[in-house]
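Working notes for the structure below.
The values are calculated or read from the model by the stated rules, or taken from the named source; none is laboratory data. The structure presented is a predicted model; accordingly, all values stated were derived computationally and were not measured. Here Cβ is always computed from backbone atoms with ideal geometry, including for glycine, and neighbour counts include all displayed protein chains.
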């Protein structure tokens with residue numbers, strides 16, 4: 001297995017400090033430096049890239065294909081119509097513990113203090129609660145670079161809000177829902193040694209769920 005990484009930066013903070021920038025509507029520099037460039041360095045025409053998008057993220061796949069028409073991407077979770085909660089259920093059914101970020105209530109297992117979590121004050125309250133040192137570092141970077149990650153509407157006015165201006169208090173929102181529907185049970189049973197047909201034949205999968 002070959003693990004790709006940036007040959008220039010060790011972590012996202014090094015990217016932010018070097019670029020003196022966090023995020024905008026066009027994206028974040030860490031995505032380009034830590035993900036896209038390392039991936040592009042090994043890509044050759046004809047490669048098939050496997051992505052773990054779930055059905056909720058079909059729009060992301062469509063956009064990716066539109067912007068990268070020369071590349072081939074496969075998304076087996078979408079092909080099998082599996083949601084993120086289905087995947088959580090499959091892990092629970094197999095007795096595999098969720099990654100720590102999910103167990104703490106985060107909806108994604110991204111970098112801690114992900115700058116692309118824009119306009120989501122509850123996300124940042126959760127970061128402040130569980131990872132105060134990361135929250136403090138992002139707050140300082142905001143002030144240093146004069147860039148606010150979040151905006152909010154107050155009294156009908158849309159305005160920036162810096163992390164150090166977020167009111168005290170616990171985050172709201174639900175933790176990930178771990179449930180296993182018919183599709184996820186069929187997929188789990190097939191992977192665990194059941195019918196291999198369900199892994200490749202949607203009709204076979206449907207039959208197993210009935």
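The selection criterion, being part of a loop (DSSP other than H, G, I, E, B), modelled with pLDDT of 95 or more and closer than 24 Å to residue 25 by Cβ, does not hold for residue 139. Would you call residue 106 more than 26 Å from residue 18 (Cβ to Cβ) and part of a helix (DSSP H, G or I)? So residue 106 fails the test. Any chance the range 151-173 includes a residue that's within 23 Å of residue 14 (Cβ to Cβ), in contact with a strand residue (DSSP E or B) (Cβ under 6 Å, 6 or more places away or on another chain) and in a loop (DSSP other than H, G, I, E, B)? For the range 151-173, residues within 23 Å of residue 14 (Cβ to Cβ), in contact with a strand residue (DSSP E or B) (Cβ under 6 Å, 6 or more places away or on another chain) and in a loop (DSSP other than H, G, I, E, B): absent.
Residues that are in contact (Cβ under 8 Å) with a residue 24 or more places away in the chain, loosely packed, with under 13 Cβ neighbours inside 10 Å and in a loop (DSSP other than H, G, I, E, B) within the range 44-55 comprise 45, 46, 47, 52, listed in sequence order. Within the range 5-27, the set of residues being assigned to a loop (DSSP other than H, G, I, E, B), surrounded by 12 or more Cβ atoms within 10 Å (Cβ to Cβ) and more than 18 Å from the chain's Cα centre (by Cα) comprises 6, 8, 9, 20, 21. For the range 115-135, taking the residues that are surrounded by 15 or more Cβ atoms within 10 Å (Cβ to Cβ) and without any contact (Cβ under 8 Å) to a residue 24 or more places away in the chain, the one that is farthest from residue 158 (Cα to Cα) is identified as 131.
Here is a yes/no grid of residues against (1) closer than 20 Å to residue 110 by Cβ; (2) outside any helix (DSSP H, G or I); (3) modelled with pLDDT of 90 or more:
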residue	(1), (2), (3)
37	yes, no, yes
60	yes, no, no
64	yes, no, no
70	no, yes, yes
97	yes, yes, yes
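Are any of the residues in the range 56-74 in contact (Cβ under 8 Å) with a residue 40 or more places away in the chain, in contact with a helix residue (DSSP H, G or I) (Cβ under 8 Å, 6 or more places away or on another chain) and surrounded by 11 or more Cβ atoms within 10 Å (Cβ to Cβ)? No - not one qualifying residue is present in the range 56-74.
Only a single criterion out of (1) under 17 Å from residue 12 (Cα atoms); (2) not in a loop (DSSP other than H, G, I, E, B) is not satisfied by residue 117, namely (2).
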